[in-house]
Structures are given as structure tokens and as C-alpha cells.
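J.: To start, I am sharing the structure in question, which I have written as C-alpha cells.
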Amino acid sequence: MYKLVGNRATRAFRPLWLLEELGVPYEHVPAAPRSDEILAVSTLGKVPVLVDGDHVIGDSMAILTYLADKHGAFTHPAGTVDRARQDAWTFRLLDEVDSLLWTAARHSFVVPEDERVPEIKDSLKAEFGRNIVRIAGDLNGDCLAGDAPTVPDFLLAHCLGWARNAKFPDAPDVLVDYLRRLRTRPAFERAAAL
């Protein structure tokens, strides 16, 4: 049985949602970053961490890819053009969306107060706004890499909610509708209730 360590209010929500979609047994330890629970499995102190037997996997995207590949679901097969397109979406979203949100968070509450640069958030929000409009223009179906959700959809859906909570620019209507569709999935609702 898997053990996922990390509070759902963090990036741990992404693998929690995927575990619910997969319908596999898992234990959830809702630990905060740098807590005793996380330090017991990872000296980095970062969440989330997936424990699979003797193996410890950190980073939400590494966990998503691992689980999707291992279970042959919510992903395209490695070595295919469809997988390359899926991975291109993942890397793009990490670069153009997730990194901006994370940098803003770091300068809000993560780094020591005397090292924070609150003024950086205005430029991050502006860049996010430009990027999210382009991403909306490139969405050609119900999901990013086909008709059904794949790994980058878990990332984008989480980031769209994060952006709204962080008071980043509103997403275009096409992405609001996209997020609404994903949030009605029963697995999403179960993960959100944890």
C-alpha cells in the first residue's frame, strides 16, 4: 500500500487526486513541510513524498508520473508522440505557471522575512496573466493531451485553484470551464474532502 505524506493544501493535492482516480489503496499522512512526519521519510522536509515499499519519491510531478506509468492510466505510453505532447504540456506548465506561483509563495511566507522581495509578485502576476491566455488559446479539447485527463491536467487544475487563492489574474473562460469539468470528477471531490 502506498503512503502519501503531505497536507492536501500543498502540492500533495495533485497525487492525492490521482490516487483517488486510480482507486488504489493508500494511507494519507497530512503532514506540513518540515514537520516530524515528513522529516521521518525525507531529510529535505518538502511535501509531498510518496512511500512505496522501501522506495521514497519526492516531488509532486515525479509522483504523478510514477503512479501514472506504474498503473498505465492517466498517461500516454512512453516513447510515443502522444507522450511527448503530454510531457511538453507538463514541462510548459511547470515553467510558465507553477514556477511563478511557487516564487510568489516563497516571497510571501517561505523564505526568511528579511530575504523576501514582495515587489516581485507584481511581475510574476503579469507574466502569469500573459502565459495563461496563451495556454487557454492552445487548449484544443476537453483536456490538455487528449479527451481524458493526463498528468498535466492534474498540474494545471491544481495551479488554477492555487492562482485564484493567491489573487493572481483570473483565467480565461475556457480554462474556468475546463477547471469546472475537472472539479466535478468524483475523485477530485473525494481528494478535496480529505
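J.: Among P33, V56, A9, which residue has its Cα furthest toward the positive end of the charge dipole of the chain, with +1 on Lys/Arg Cβ and -1 on Asp/Glu Cβ?
T.: The residue sitting farthest along the positive end of the dipole is A9.
J.: Could you pull out the pairs from K3/K121; K70/K167; K3/K70 whose alpha carbons sit more than 26 Å apart here?
T.: K3/K121; K70/K167
J.: Another question, then. Can you work out ³J(HN,Hα) from phi for every residue in region 16-23, in order, using Karplus 6.51 cos²θ - 1.76 cosθ + 1.60 and θ = phi - 60°, giving whole Hz and x for Gly and Pro?
T.: 4, 4, 5, 4, 5, 4, 6, x
J.: Compute the accessible area per residue over region 83-171, keeping the other protein chains in place, probe 1.4 Å, unit Å².
T.: Heavy-atom accessible area per residue stands at 50 Å².
J.: Determine, at each q value in 0.10 (inverse angstroms), the log₁₀ of I(q)/I(0) that the Debye formula gives when each Cα of region 1-114 is one equal point scatterer.
T.: For region 1-114 at q = 0.10 Å⁻¹, log10 I(q)/I(0) is -0.33.
J.: In region 96-194, what percent of the accessible surface is made up of carbon and sulfur (1.4 Å probe, ligands and nucleic acids excluded)?
T.: Details: 2590 of 5130 Å².
Carbon and sulfur together cover 50 percent of it.
J.: Indicate, rounded to the nearest 5 percent, the antiparallel portion of the DSSP beta bridges found entirely in the chain.
T.: Restricted to the chain, the bridges split so that about 65 percent are antiparallel.
J.: Could you calculate the FRET efficiency of A9 with S123 from 1/(1 + (r/R0)^6), where r is the beta carbon distance between them and R0 is 30 Å, rounded to 0.05?
T.: Once rounded, the FRET efficiency stands at 0.70.
J.: So, one more: How big is region 53-101 by Rg and Dmax over its Cα atoms, in Å?
T.: When restricted to the Cα atoms of region 53-101, Rg and Dmax are 12.1, 34 Å.
J.: May I ask you to compute the full-extension gain from E115 to L194, defined as 0.36 nm times their residue separation minus their alpha-carbon distance, rounded to one decimal in nm?
T.: Taking E115 through L194 to full extension adds about 25.1 nm, to one decimal.
J.: Hey, any idea what the orientation-averaged projected area of the convex hull of region 86-156's Cα atoms comes to, in nm²?
T.: 5.0 nm²
J.: Let me ask something additional. Mean shadow of the chain, computed from the convex hull of its alpha carbons, in nm²?
T.: Projected over every direction and averaged, the Cα hull of the chain covers 11.1 nm².
J.: Sticking with this structure for a sec: Hey, what did region 7-118 get for relative contact order, percent, Cα under 8 Å, at least 6 apart?
T.: Computed over region 7-118, the figure is 16 percent.
J.: Under 5 Å between amide H atoms, partner at least 5 residues away or on a different chain: which partners does V56 have, H built in plane at 1.01 Å?
T.: Correct list: empty.
The values are calculated or read from the model by the stated rules, or taken from the named source; none is laboratory data. Everything numeric here is computed off the predicted structure, so don't read it as measured data. Cβ atoms come from the backbone with ideal geometry, glycine included; neighbour counts cover every protein chain shown. Accessible surface areas use protein heavy atoms only, side chains included; no ligands, DNA or RNA. Shrake-Rupley method; radii C 1.70, N 1.55, O 1.52, S 1.80 Å.
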